[in-house]
Amino acid sequence: GQQLNQSPQSMFIQEGEDVSMNCTSSSIFNTWLWYKQDPGEGPVLLIALYKAGELTSNGRLTAQFGITRKDSFLNISASIPSDVGIYFCAGQLGFLIQGAQKLVFGQGTRLTINP
Amino acid sequence: DTGVSQDPRHKITKRGQNVTFRCDPISEHNRLYWYRQTLGQGPEFLTYFQNEAQLEKSRLLSDRFSAERPKGSFSTLEIQRTEQGDSAMYLCASSLAMAIQETQYFGPGTRLLVL
């Protein structure tokens, strides 16, 4: 099925470092979402973006909705051990457009932190 | 806790058996989604409901899969004559699609292993 291109696939960093990951698509989306998933659990929403160009922060997390509506990035500043996990981007074409409500996900970025 | 709940959390079954999973959405959420996630991949859309109506089904949803949301609250996903390829995490998400924006919140998932 259709998936977004998410990179990098994995990251190994030292505690305290900043992290950056991004997501690109060949088609536009009107909503971009970033989720974090721990092993054996469901994805937990981190940040939701609803407008092209929007820059939104949630604590140490910052995400942006690309102007072209085909990309988004997530930054994590001053990483801590509990940031370990898999981060997914997801795009939605439009919740009012028939057939466009589903989320399309990237393949995830696995973040590992060395203390 | 008023989040999305799923039951069971884990299910081991033998090939050919039928299984049924339940999802209880966040109260008042009118949309309910089912996704499937295999190891190392992002979730993939299966189907969704708005209230009681099933409005979209993915091609991933073969004839052996059926989903219901009889009273517009909880939903069930049944897989008949399970195959080893059905082994995956089945995720449920719910949202309130009456506001200008829609955000999907996920449950903890049901991990299915078909032997």
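We did not get these values from a lab; they are worked out from the coordinates using the rules stated. Model, not experiment: these values are computed from the prediction. Every residue, glycine among them, receives a Cβ derived from its backbone with ideal geometry; neighbour counts consider all protein chains shown.
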Any hit, the stretch A:47-69, residues being within 12 Å of residue A:106 (Cα to Cα), of a type outside the set (D, E, K, R), within 14 Å of another protein chain (Cβ to nearest Cβ) and in contact with a strand residue (DSSP E or B) (Cβ under 9 Å, 6 or more places away or on another chain): no
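Quick check on this structure: which one of B:97, B:93, B:67 is under 24 Å from residue A:104 (Cβ atoms), in contact with a strand residue (DSSP E or B) (Cβ under 8 Å, 6 or more places away or on another chain) and not in a strand (DSSP E or B)?
The conditions single out B:97.
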Extreme residue, surrounded by the most Cβ atoms within 10 Å (Cβ to Cβ), among residues of the stretch B:55-64 that are in a loop (DSSP other than H, G, I, E, B) and free of Cβ contacts under 8 Å to residues at least 24 places away in the same chain: B:61
Residues of the stretch B:37-50 that turn out to be more than 10 Å from chain A (Cβ to nearest Cβ) and either surrounded by fewer than 13 Cβ atoms within 10 Å (Cβ to Cβ) or within 15 Å of residue B:109 (Cα to Cα) (or both), as a count: 2
Residue in the stretch A:1-35 that is surrounded by the fewest Cβ atoms within 10 Å (Cβ to Cβ), counting only those that are in contact with an Asp or Glu (Cβ under 8 Å, 6 or more places away or on another chain) and more than 11 Å from every other protein chain (Cβ to nearest Cβ): A:24
